[in-house]
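The values are calculated or read from the model by the stated rules, or taken from the named source; none is laboratory data. Small disclaimer: the values here were computed from a predicted structure and weren't measured. Here the Cβ positions follow ideal geometry from the backbone for every residue, glycine too, while neighbour counts run over all protein chains shown. Please note that ligands, DNA and RNA were not included when accessible areas were found on the heavy atoms of the full protein model with its side chains. Shrake-Rupley method; radii C 1.70, N 1.55, O 1.52, S 1.80 Å.
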Amino acid sequence: MGVVDYIQTIIDGALFGATYSLIGIGFTLVFGVMQRINMSYASTSLAGAYCGLMGQHLLGLPLWCAFPLSIFASGLIGYLVYLTCFRFIPVASPLASLMATVGVLLFVEEMIVRATAGTPHNFPAIFEGNSIEIGAFVLRADLVGVFLVGVLTMILLMAVLFRARLGVATRAVAQQPIAAQLCGMRLQTVNGLTFVIAGLLGGVAGAMTGAAVGILSPLITIPVTVKGLIVTVIGGLGSIPGAIVAGLMVGAFENLFQALRSVSERDIYVMLLLFAFLVLRPGGIVSPGRGRD
Amino acid sequence: MDFYYSLAQIIGFHTLLGLSAYVVLLTGQVSFAQGGFFAIGAYVAGMLTVISGWHVIPAMLAAGSIAALAACLVGFPALRVRGLMLVVATLAFGEAVRLFFFNFDYQVEKGGSKGGPLGGEGFRQIRWFPEHGWTTFEVMLLVLIVVGLVIGALWWIDRSRLGSVLRAVGEDELAAQSVGIDLTAVKVTAMTIGGFIAGVGGALYAHYTTYIEHTNFTVLLAVFAIAYPILGGLQSVFGTIVAVIFVQGILVEGLRFLGDWRSLLFGALIVLVMNLRPKGLIDGAAARRVARLLRREGRHA
């Protein structure tokens, strides 16, 4: 393999890594607001993508409908997760919330296995077209499309978080729940809406993962969960830009080691990357500011 | 009858798995690495009895010690972080161990056939018990004795100074630190004890099934490990045992007539239990009630 091949592998990986970034942002968003872990996030995102597929298969909707339907379904599932795992469990028992989301993870995975009889399904390629050639490098059109949608979603999310009233409320609740309540914000509503936003984002992430991989299979929920969590930690907890960079990085790293070693060993190196970060820079790429309580 | 003996053995391994997570959870750390330690114990013990021809009991202790060493080594970098980051670090460790065994080939010629782990094919023929003429009942007795010893040790730890220290760290790290408790030492100790228990459990499991492969030790196993103590409650070791019997005995075996639907039920049930009893099935109030009941019985007798 020459230098060009290495760079090509890294570029392909980074483009694919945009899907990891999206999942990582979802984990970060929920953790940033509630300070609790939602282990079911990646599986509910993929469940959203499955709902998109279902619309196409059962209702006979046109191809492009799969995408908006996934997003909508995922937002709804996000709110359901909030109701079942966070709304009625006291703040003082974070372990109970963690365990409940694991329960949802198992439930959703089993539902997918039941509904599809365990067989993989083709996910419609949202972007078709010729590969783009830049000099010696070839960019796969579908991966570029996934990457662009990912970037667009992130910009939209940043706009909501930093410009819209809801985003301001979300950030206020994240920093000081009690003070935010005293200022007249409804804690439960804001938290619930955060889950809806994270869910919508998860719908994009799930559909993009489906579009990038080409198939949806119940087998990919756990690996995507693990990768998403690794991206969250490498990026720095609660940091959206960190998650974006970490997602692209993990994607590139993974693809490089897949080319150098083999598919079955690839993930070991991603885990080693995580441990390197934990030892050398436990705060992640973008360490969250100190003094939060 | 053999069915009930195997069921008792399965409950035994899962109790060991749950208790290994229980020790770590006492210090307030959520570890998804227990499945990895279980796998290390299973592979090490299998290799010792199959390749080196050891007796099963020293092999079990050696497997536990190696798993404990691994736990100690993982503990140092992983326990610098807390909460979500620890969850991710331990989850990643568990998966890394699984992938390691997925790529691990070490076949040795023995008596005309090859033995030892063979990557994705798995590790076959760990037949120490049948080769030495143990009946299912005797194997079950061994498993139950080991489980009993571990429960006894944990029961004693809970009542000793170490137990109070572990719980103090779990309740409030800052307060524990300000009375002079070395947080890292306590957390790594808990992790090491947990690793040992999981390793011993894995060793017994490998010899019970006679065949292990990397898919036995996925994230799901780690999820089960922490599910038991959280479902059962961290008030005492008995919560974990109640949860294991509830899940393995009633949910997995008792509801067999429901077929595959019971896995669906399992996830939903966890959500329900956590909503109704966020502190676990046997929480502080329930434990006190049981203790009061026992005391009253004692007085009447």
Report the one residue of A:Leu182, A:Ala115, A:Phe195 whose Cα lies farthest in the direction of the positive end of the charge dipole of segment A:115-223 (charges on C-beta: Lys and Arg +1, Asp and Glu -1; origin at the Cα centre).
A:Leu182
Compare B:Gly133, B:Gly233, B:Gly36 in a GNM of chain B, Cα atoms joined below 10 Å, and give the one with the largest fluctuation.
B:Gly133
Under a Gaussian network model of chain B whose springs join Cα atoms within less than 10 Å, the largest fluctuation of B:Leu251, B:Leu269, B:Leu61 belongs to B:Leu269
Rounded to the nearest whole Å³, what is the per residue volume of the convex hull around the Cα atoms of segment A:174-287?
123 Å³
Dipole check, the protein assembly as shown, charges on Cβ (K,R +1; D,E -1), about Cα centroid: among B:Val24, B:Trp156, A:Met154 the Cα furthest to the positive pole belongs to B:Trp156
So the carbon and sulfur contribution to the accessible area of the protein assembly as shown, 1.4 Å probe, in percent, is 66 percent
Given segment B:181-301, report the % of alpha carbon pairs whose separation exceeds 19 Å.
63 percent
Quick check: net charge around B:Gln235, other residues with Cβ under 13 Å of its Cβ, Lys/Arg +1 and Asp/Glu -1?
+2
Does anyone have the angle between helix A:41-58 and the longest principal axis of chain A? Alpha-carbon axes, 0 to 90°, nearest 10?
70 degrees
GNM on chain A, Cα springs under 10 Å; top mean-square fluctuation among A:Tyr269, A:Tyr20, A:Tyr79 goes to A:Tyr269
Segment A:127-175: proportion of alpha-carbon pairs further apart than 19 angstrom, %:
49 percent
Under the classification rounded if a/c is under 1.5, otherwise prolate if a/b is larger than b/c and oblate if not, where does segment B:12-135 fall, given a ≥ b ≥ c as square roots of the Cα gyration tensor eigenvalues?
prolate
Relative contact order of segment A:134-293, pairs being alpha-carbon contacts under 8 Å that are 6 or more residues apart, as %
19 percent
Computed curve, chain B, Cα-only Debye sum without solvent term, log₁₀ I(q)/I(0) at 0.09, 0.10, 0.14 Å⁻¹, is -0.45, -0.56, -1.07
Of all alpha-carbon pairs in segment A:220-260, indicate the percentage at a distance above 11 angstrom.
62 percent
Mind listing the phi-derived Karplus ³J(HN,Hα) values for segment A:20-31, rounded to whole Hz, using 6.51, -1.76 and 1.60 with θ = phi - 60°, and x for any glycine or proline?
5, 4, 4, 5, x, 4, x, 4, 4, 4, 5, 5
Convert each backbone phi in segment A:162-171 into a coupling constant with the Karplus relation 6.51 cos²θ - 1.76 cosθ + 1.60 (shift: θ = phi - 60°), then list the ³J(HN,Hα) values in order as whole Hz, x for Gly and Pro.
10, 10, 6, 4, 4, x, 4, 4, 4, 5
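State whether segment A:120-225 is rounded, prolate or oblate according to the following rule on the C-alpha gyration tensor (a ≥ b ≥ c being the square roots of its eigenvalues): a/c under 1.5 gives rounded; otherwise a/b larger than b/c gives prolate, and the remaining case gives oblate.
Because a/c hits 1.5 or more and a/b exceeds b/c, segment A:120-225 counts as prolate.
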Assigned charges on the beta-carbon of Lys, Arg, Asp, Glu; chain A dipole about Cα centre (debye)
1000 debye
What's the local net charge at B:Val169, with K and R +1, D and E -1, over the other residues with C-beta under 11 Å away?
-2
Within chain A, longest stretch clear of exposed trypsin sites (Lys or Arg not before Pro) (DSSP loop, no more than 16 other Cβ within 10 Å):
A:1-162
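Can you tell me what the convex hull of the Cα atoms of segment B:241-285 projects to on average, as an area in nm²?
Projected over every direction and averaged, the Cα hull of segment B:241-285 covers 3.2 nm².
Where Rh denotes the Kirkwood radius from the mean inverse Cα pair distance, what is Rg over Rh for segment B:86-170?
Numbers: Rg = 19.7 Å, Rh = 17.1 Å.
We get a ratio of 1.15 for segment B:86-170.
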The B/A contact buries a total accessible area, at probe radius 1.4 Å and rounded to the nearest 100 Å², of 3600 Å²
Can you give the angle from 0 to 90° between the axis of helix A:187-213 and the longest principal axis of chain A, with both taken from C-alpha atoms, to the nearest 10?
10 degrees
I'd like the per residue volume of the convex hull spanned by the Cα atoms of the protein assembly as shown, given in cubic angstrom.
185 Å³
Top positive-direction residue, dipole computed over segment B:233-299 with Cβ charges, set B:Leu272, B:Ala287, B:Leu251
B:Ala287
Using θ = phi - 60° and the Karplus relation 6.51 cos²θ - 1.76 cosθ + 1.60, list the HN-Hα couplings for segment A:10-17 in order, rounded to whole Hz, with x at every Gly or Pro.
5, 5, 4, x, 5, 4, 5, x
Using the alpha carbons of segment B:133-210, what is the convex hull volume per residue in cubic angstrom, as a whole number?
90 Å³
Reported to two decimal places, what Rg/Rh ratio describes chain A when computed on Cα atoms with Rh from the Kirkwood expression?
0.97
Count charges around B:Ile250 for me, please; just the other residues with Cβ under 13 Å from its Cβ, Lys/Arg as +1, Asp/Glu as -1.
+1
With the radius of gyration and the Kirkwood radius both derived from the Cα set of segment B:95-143, what is their ratio Rg to Rh?
1.11
For chain B, list the DSSP H helices whose alpha carbon atoms reach 27 Å or more along the long axis and whose average Kyte-Doolittle value is -0.5 or above?
B:2-26, B:56-78, B:83-102, B:136-159, B:183-209
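Which of rounded, prolate or oblate describes segment A:1-136 when judged by the alpha-carbon gyration tensor and an a/c cut-off of 1.5?
Working: a/c = 2.49, a/b = 1.45, b/c = 1.72.
The shape class here is oblate.
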